[in-house]
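Just below is one structure, and these are the notes that go with it.
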Number of protein chains: 4
Amino acid sequence: MKAVVYNGPRDVSVEEVPDPKIEKQADVIVKITSTNICGSDLHMYEGRTDFETGRVFGHENLGEVVEVGSAVDKVKVGDMVAIPFNVACGYCKNCERGFTNYCLTMQPKKEWAGAAYGFADMGPYQGGQAEFLRVPYGDFNCLRLGEDARDSKRQNDYVMLADIFPTGYHATEMAGVKPGDQTVIFGAGPVGLMAALSASIRGASRIWVVDRRPDRLGLAESIGAIPVDGSKVDPVEFIKDQTMGLGADNGCECVGYQAHEPDGTEDMNLTLNQLVQAVRFTGKIGVVGVFVPQDPGGKDEFAKNGKAVFDYGWFWFKGQTMGTGQCPVKKYNRLLRDLIVSGKATPSFIVSHELPLEQAPEAYQHFDARDEGWTKVVLKPGMK
Amino acid sequence: MKAVVYNGPRDVSVEEVPDPKIEKQADVIVKITSTNICGSDLHMYEGRTDFETGRVFGHENLGEVVEVGSAVDKVKVGDMVAIPFNVACGYCKNCERGFTNYCLTMQPKKEWAGAAYGFADMGPYQGGQAEFLRVPYGDFNCLRLGEDARDSKRQNDYVMLADIFPTGYHATEMAGVKPGDQTVIFGAGPVGLMAALSASIRGASRIWVVDRRPDRLGLAESIGAIPVDGSKVDPVEFIKDQTMGLGADNGCECVGYQAHEPDGTEDMNLTLNQLVQAVRFTGKIGVVGVFVPQDPGGKDEFAKNGKAVFDYGWFWFKGQTMGTGQCPVKKYNRLLRDLIVSGKATPSFIVSHELPLEQAPEAYQHFDARDEGWTKVVLKPGMK
Amino acid sequence: MKAVVYNGPRDVSVEEVPDPKIEKQADVIVKITSTNICGSDLHMYEGRTDFETGRVFGHENLGEVVEVGSAVDKVKVGDMVAIPFNVACGYCKNCERGFTNYCLTMQPKKEWAGAAYGFADMGPYQGGQAEFLRVPYGDFNCLRLGEDARDSKRQNDYVMLADIFPTGYHATEMAGVKPGDQTVIFGAGPVGLMAALSASIRGASRIWVVDRRPDRLGLAESIGAIPVDGSKVDPVEFIKDQTMGLGADNGCECVGYQAHEPDGTEDMNLTLNQLVQAVRFTGKIGVVGVFVPQDPGGKDEFAKNGKAVFDYGWFWFKGQTMGTGQCPVKKYNRLLRDLIVSGKATPSFIVSHELPLEQAPEAYQHFDARDEGWTKVVLKPGMK
Amino acid sequence: MKAVVYNGPRDVSVEEVPDPKIEKQADVIVKITSTNICGSDLHMYEGRTDFETGRVFGHENLGEVVEVGSAVDKVKVGDMVAIPFNVACGYCKNCERGFTNYCLTMQPKKEWAGAAYGFADMGPYQGGQAEFLRVPYGDFNCLRLGEDARDSKRQNDYVMLADIFPTGYHATEMAGVKPGDQTVIFGAGPVGLMAALSASIRGASRIWVVDRRPDRLGLAESIGAIPVDGSKVDPVEFIKDQTMGLGADNGCECVGYQAHEPDGTEDMNLTLNQLVQAVRFTGKIGVVGVFVPQDPGGKDEFAKNGKAVFDYGWFWFKGQTMGTGQCPVKKYNRLLRDLIVSGKATPSFIVSHELPLEQAPEAYQHFDARDEGWTKVVLKPGMK
């Protein structure tokens, strides 16, 4: 089959690779019809992780079940399914408590937790930017969709269930966003926009989204958020001015360790410290932007070793709470699916490009260059 | 009346000061019979805050009501009361939601929140290391006790309700300690010991307490915790060894910014980074040790400005959650009182010294020197 | 001043009564500008309670502060305020935990809890269907509004904060309505409509509202709910048909003990048992419709003594949870106010009549007769 | 193999039946070494359900894994395991949210939910009062134990993890028992005693247990609870007297529909209505005593149809909350196991009899007769 293969820093190509097979009786094979490029793919694409050359990218996957192992009971051949990016067993101590983001069984490294498709350090699982994908523990890991999911356009909504819609929602969950709240979101990339959409679904009364790219701020505004252009105003002062000096009720970090100054200098502390200032005493902060223990591309020794120079004194003095980490997709994908079905959420508004799988290399190039207008790419392996 | 007055770094004396008066109709005047010296008093005593000379220390107070303002309805003259260290109004947005630790009314500084008796930066309220104390909003801020609280020995239990018992409990609440959990506590000072007691009350199956002082580790062991001597073993490795490499379910920070290496070098990051390592993926951490935005006595520019060099990459990678800040005493003081009444909690086990108010200067000296055996001092203004 | 006085069953008149005065130093006097007639006023109006003749009705009140007691600190003369129907002290064990609906201080009857303005069995407090109202513990009990609240039309939104908007919201809180949920609401009266609005704010994906009156069902439909006409379909079967036989995720009871069959026969069990059937295994049910321990007007001995013939076997077998009781308004009125301010909630859509206070008798008559189109009456004491 | 077979009302015998086999690839076969007789077995034994003659009883099971299906990954032959009484799939909407008590997959009846071993209406699964048991979805449904569980005496603790320890704990969870609470438990049978133990683990300051049997009240007292003999005092008045008339903070129902008056007359409403009276305004009540939609043996039409004559008016007026239903064992069995391992819980204190499987008929007879001293029987299939 064809798949997007990583050849080294900033070099991917679409290659023929062996078809996935049922390896264990609970496996399912899915024919991928929509698969996104994610911001975290770029970390690997840029060579800032130990992702292996020759492996296949892709953890935001949707498609049709074409084969099921003999121990699969729920999922049937022909079902349309959205597949959480987390690979999870369903029966370890963490999965049992809903932490499928930190499955103990599927992560091969002792003392670590969590697994994903086509992801550095997250186990040996191939990615889904390909024609087919093997899904372990298929009954547990596949979310079934309705017949409308056979429509390629409609898939642009449902494919967001694999990662970024739940991930944005998870930021608002960790931030404790409740009806009436005033929420600030740093980052108007796909995840930040999903966090804004989620805050709106949860009944926030005001939502600020901070970024510097006009196209993305425009998307934030299109769903009712207040855009804050960080290249023109100090976002902390802006939020404080609008809240009698008290700050937002809560905040979401949707940028990660590649946060940078307007001049392009990376500063992994930037958004974290801005959030501490922009959020009120007692406020909660949810961090879904990716941070890493080791970053070979970091600008200094702190960054290389994942150390933040963090305004901890203020964080503590304000009595804030911070939740972090990857999203347990299964915790949210049913409820978000039901919101899409009922028409109360339309996450496809962020899709800027639908492209055949073959154009993945070009898409990676543009997305990595942060070219204007390249907000979210959905690859369509079946597209002619 | 007599009171413990701050004259400058490491200099307190017992002086005559004016008696407090009813200033507003909701005020209550309490004759103090038990008042503790707290570890956070030492930060001020050492001159590492902007605490004003001439002011009175003391925020852990218990005594008998001797006068009530004309708008006081619940509290009566003669009632024995334990007084939360937080001064709170009861009707602002924060108090309403239970955040009496971040009252917006009683903190005079605009954009800040929270007030306390005899505390730097927490409003103009005199401390209770004195014969009398004025308590604003007396009906809201006094916790009534039973007749047994007239006994001076029994007061050694109830006086812990003013601060450290609720504060230790708050650490376990923010850490989410539940029945069956394995919990690690950094610090076996009074607050750490109260956190260990609280973890036990909440049903933890194993509790480790990390410190280097044998007297304090012995107290931890006396209530069923496992003492871990950080001068003899690496606490992170010790915890991991006992948990199949996974780490504790959750952790409490009860040391604060004056954490230091075995050789005495301060390192405000020490316990924070150890906790990130010692607690499992998905774990929660509650931080009640004090951290400050500005520390004139900090060892370097980071410390002076309250900046931690924090292993954020690991914190995020492990999907941990961290809660911080001072304790909202009223959230817990009723329930902890009821546990003392029923005999299920006896927090006085930490009391090492009961002294007359006049011996406060000597007590400060010993406590500040971390002299062995000086775990917790209760001053008794009425003691002959 | 003028006030709506109860003279006996189905007999109210607007009479001159003494002006309220500051009785205690924490009191506030409010000049009422908008005050609603509530469905629970009808229980008293119909003589089915022991409400005293000569007393004044009215617990949904909004107005301008015209006098403050000497111990009032926050509220100022001239402030526009919405007043929770609960009268609460702010410092008893129940208020402290947020249960201002069950204040132990303001309810005079020993072993009971909870107080309200102009309400049977809820203390001696006069109602606000009058020109002025005395509000005890004014700082705690008044919710301040912005300048826009001086506008009489705008008051039609804010006055709902006194009772029914929080009450409807409380139903959804007790029912645990979360984003994506499918929720069924029994009753499309003002409270049921507020519950539907609240479920929508909380992100429900589908909301059914069951009633028999076309005007009310039309209002439900106007805010995006699915109207279910109980006179035309079996609501239980209807809900099951739309949910693969499983039932709604959760449900709200907004009718109360005067629920009746299509033929008018009262049956206090009707909606309770329908909810048990219409809600899925594991579902939660929030009951804000009023039920009473004694109902002199009950149709049989069970009803007279507040005994339901309840399908308990099914309730238990399905593992359902039920929350009940009056609403703690202060838990929600800030957040709902902020939603009104930001334009995300417009509860005034239910207002059918704005009338001068003098027309209260006529309004009671129509409302009690359940005349079509009389959904919600706002009395305007200042209206010419 | 040998198994306890139901022949009809009050008639069981130990018979040879076919050995269970691996039917599906995720199945596990367990050699049973400890299996309890449960109070709910008696409902079936007495013929008050539609339990089929010829079927095998037993849903509280522990033993050694002797065979695993080819899709089983975690559980190994030789593992000692405690088996939740709920049979659950792990991937349906209910299991996913932790409601393994209401699994949608394993219950064959459309529109119903929940399955169990050897239980009326809960699917076709054979019971474990036998030499061997087939456990579907073995990785999900088996809780692994340590080596100490090979000891038959020690099994008397661990076997309680299959049902009654989690069930008692679930009562306290639904009742919201927190540190410091005063909790009342109706019923001192095995489940009531486990609820009392659980309340103690959760930090309750006072625990009352109401029953009429001195042997059981003695067991309650042995773990620090206050015994209340309902044949000698009115339990409602007793609780109120000890709580200033306010009632307990929360309550647990551990009796069920066979509650009866001192004279033996059954009254399924008895404990429910007593709980409403004995628990304070705002209190929560957890009901794990079994209630059924249909009871052929009920004393009147209400009882036959599972209808309670419930003091709903009081329940609502007091603003109480009630949770109900069977326990989701997997939600609690790990944490309770860890408490047994660490020595903080010893649930075997209730075991009155350890008998070989062959003596099951005699044990049923005594247990059903409520003979004094027959608190809890553990059958030991391997015992000579």
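Which cross-chain or sequence-distant (5 or more) residues have an amide H under 5 Å from the amide H of B:GLN294, H modelled 1.01 Å from N in plane?
Here nothing satisfies the definition.
For a quick check of your reading of the filter: which trypsin sites (Lys or Arg not before Pro) in segment D:209-243 sit in a DSSP loop and have no more than 13 other Cβ atoms within 10 Å?
D:LYS232
With a ≥ b ≥ c the root eigenvalues of the C-alpha gyration tensor of segment B:81-122, is it rounded (a/c under 1.5), prolate (a/b larger than b/c) or oblate?
oblate
Would you calculate the convex hull of the Cα atoms in segment D:168-324 and tell me its volume per residue in Å³?
Spread over its residues, the Cα hull of segment D:168-324 gives 97 Å³ apiece.
So how do B:GLU16, D:GLU261 rank on accessible area, 1.4 Å probe, biggest first, that is with the largest at the start? Let's see the in-between values first.
On the way: B:GLU16 130, D:GLU261 65 Å².
Order by accessible area, largest first: B:GLU16, D:GLU261.
Quick one: net charge of A:ASP79's neighbours, Cβ under 13 Å, K/R +1, D/E -1? Write out the running numbers ahead of the final one.
On the way: positive: A:LYS31, A:LYS74, A:LYS76, A:ARG144, A:ARG150; negative: A:GLU64, A:GLU67, A:ASP73, A:ASP139, A:GLU147.
Around A:ASP79, the charge tally is 0.
Taking loop as defined by DSSP and a crowding limit of 13 other beta carbons within 10 Å, which chymotrypsin sites (Phe, Trp or Tyr not before Pro) in segment A:154-215 fit?
Sparse-neighbourhood loop chymotrypsin sites (Phe, Trp or Tyr not before Pro): none present.
Just round it to a whole percent: the fraction of Cα-Cα distances in the protein assembly as shown exceeding 60 Å.
Numbers: 189029 of 1178880 pairs.
In whole percent, the long-distance tail amounts to 16.
Can you work out the base-10 log of I(q)/I(0) for segment C:247-384 at q = 0.17 1/Å, using the Debye formula on its C-alpha atoms alone?
Each listed q corresponds, in turn, to -1.16.
Kindly report, to the nearest 10 Å², the accessible surface of D:ASP234 as traced by a 1.4 Å probe over protein heavy atoms only.
80
Pick out which of A:ASP263, A:ASP27, A:ASP139 has the largest mean-square fluctuation in a Gaussian network model of chain A, springs linking Cα atoms closer than 10 Å.
Most flexible of the set in this elastic network: A:ASP263.
With a 1.4 Å probe and all protein chains kept in place, how much accessible area does D:SER200 have, in Å² rounded to the nearest 10?
About 50 Å², ignoring ligands and nucleic acids.
In Å, the Kirkwood hydrodynamic radius of segment A:48-112 over pairs of distinct alpha carbons?
Computed over segment A:48-112, the radius equals 14.2 Å.
Kirkwood Rh over alpha-carbon pairs of segment C:272-331, then Stokes-Einstein at 25 °C and 0.890 mPa s: what D in µm² s⁻¹, rounded to an integer?
Taking Rh from Cα pairs, D becomes 189 µm²/s.
Quick one: what are the phi-derived ³J(HN,Hα) couplings along segment A:57-70, Karplus 6.51/-1.76/1.60 with θ = phi - 60°, whole Hz, x for glycine and proline?
7, x, 10, 10, 10, 9, x, 10, 5, 10, 7, 10, x, 6
Using Cα-Cα distances under 8 Å and only pairs 6 or more residues apart, what relative contact order does segment D:168-324 have, in percent?
Once divided by the residue count of segment D:168-324, the mean separation gives 23 percent.
Relative to the compact-globule scaling 2.2 N^0.38 Å, provide the ratio for the alpha-carbon radius of gyration of segment B:1-115.
Scaled against compact globular proteins, the figure is 1.16.
How long are the semi-axes of the ellipsoid equivalent to chain C, from square roots of 5 times the Cα gyration tensor eigenvalues, in whole Å, largest first?
Working through the eigenvalues yields semi-axes of 33, 22, 21 Å.
Tell me which residues come under 5 Å, amide H to amide H, from C:ARG55 once H is placed; ignore anything under 5 positions away on its chain.
C:TYR6
What ³J(HN,Hα) values, in whole Hz, does the Karplus curve 6.51 cos²θ - 1.76 cosθ + 1.60 give for segment A:371-384 when θ = phi - 60°, with x put for Gly and Pro?
Ordered by residue, 3J(HN,Hα) equals 4, 4, x, 8, 7, 8, 10, 9, 8, 10, x, x, 6, 7 Hz.
How about segment B:25-128: which trypsin sites (Lys or Arg not before Pro) there lie in a loop by DSSP and see at most 10 other Cβ atoms within 10 Å?
B:LYS110
Considering only DSSP beta bridges whose two residues both sit in segment B:213-342, what percent are antiparallel, to the nearest 5?
DSSP beta bridges in segment B:213-342 are roughly 10 percent antiparallel.
As an exercise, find the ratio Rg/Rh for segment D:56-209 from alpha-carbon atoms, using the Kirkwood inverse-distance average for Rh.
Details: Rg = 16.7 Å, Rh = 16.7 Å.
So for segment D:56-209, dividing Rg by the Kirkwood Rh gives 1.00.
Kindly provide the helix-only [θ] at 222 nm of the protein assembly as shown, computed as the sum of -39,500 (n - 2.57) over DSSP H runs of four or more divided by all residues, to the nearest 500 deg cm²/dmol?
-6500 deg cm²/dmol
Evaluate Rg over Rh across segment B:26-81, taking Cα atoms for both radii and Kirkwood's formula for Rh.
1.11
Evaluate peptide D:176-187: per residue, the Cβ atoms of other protein chains within 10 Å of its Cβ; return the mean as an integer.
The mean count of partner-chain Cβ atoms within 10 Å per residue comes to 3.
For segment C:48-77 and segment D:183-249, what is the separation of their C-alpha centers, rounded to whole Å?
If you average the Cα positions of each part, the centres end up 43 Å apart.
Taking a 1.4 Å probe, which of B:THR324, C:THR346 shows the most accessible area, and what order do the others take after it?
In descending accessible area the options line up as C:THR346, B:THR324.
Please report how far the C-alpha centroid of segment A:360-384 lies from that of segment C:313-384, rounded to the nearest whole angstrom.
For segment A:360-384 versus segment C:313-384, the Cα centre distance is 51 Å.
If you take each beta carbon of peptide A:89-97 and count the beta carbons of other chains within 10 angstrom, what is the mean?
Mean partner shielding for this stretch: 6.
Going by accessible area, probe 1.4 Å, with all protein chains left in place, what is the ranking of C:SER352, C:SER40, largest first?
The residues order as C:SER352, C:SER40, largest area first.
Considering only protein heavy atoms, what is the solvent-accessible area of A:MET106 at a probe of 1.4 Å, reported in Å² to the nearest 10?
Per-residue accessible area (A:MET106): approximately 20 Å².
Counting only protein heavy atoms, what percent of the accessible surface of the protein assembly as shown is carbon or sulfur at a 1.4 Å probe?
The nonpolar share, carbon plus sulfur, comes to 51 percent.
Could you please report the charge total around A:TYR332, scoring K, R as +1 and D, E as -1 over all other residues with beta-carbon less than 12 angstrom from its beta-carbon?
Details: positive: A:ARG202, A:LYS330, A:LYS331, A:ARG334, A:ARG337, C:LYS178, D:ARG97; negative: A:ASP163, A:GLU173, A:ASP338, D:GLU96.
It works out to a net charge of +3.
Angle check, please: helix B:190-201 long axis (alpha carbons) against the longest principal axis of chain B (alpha carbons), in degrees 0 to 90, nearest 10.
70
Search the structure for amide H atoms under 5 Å from the amide H of A:ILE226, placed 1.01 Å from N in the peptide plane, and list their residues when 5 or more places away or on another chain.
For A:ILE226, the qualifying residues are A:ILE207, A:TRP208, A:VAL209.
Between A:ALA116, A:ALA195, A:ALA345, where does the largest GNM mean-square fluctuation fall for chain A, given springs only between Cα atoms within less than 10 Å?
A:ALA345
What's the buried accessible area, both sides, between D and A using a 1.4 Å probe, rounded to 100 Å²? Mind showing how you got there, number by number?
Working: alone 15750 and 15760 Å², together 29960 Å².
Summed over both sides, the interface buries about 1500 Å².
How large is ³J(HN,Hα), in whole Hz, for each residue of segment B:220-226 in order, when computed from phi with the Karplus curve 6.51 cos²θ - 1.76 cosθ + 1.60 and θ = phi - 60°, using x for Gly and Pro?
Result, rounded to whole Hz: 4, 5, 5, 10, x, 7, 9.
The values are calculated or read from the model by the stated rules, or taken from the named source; none is laboratory data. The structure presented is a predicted model; accordingly, all values stated were derived computationally and were not measured. When we count neighbours, we look across all protein chains shown, and the Cβ atoms used for this are built from the backbone with ideal geometry, even at glycine. What goes into the accessible areas is simple: the full protein's heavy atoms, side chains included, and nothing from ligands, DNA or RNA. Shrake-Rupley method; radii C 1.70, N 1.55, O 1.52, S 1.80 Å.
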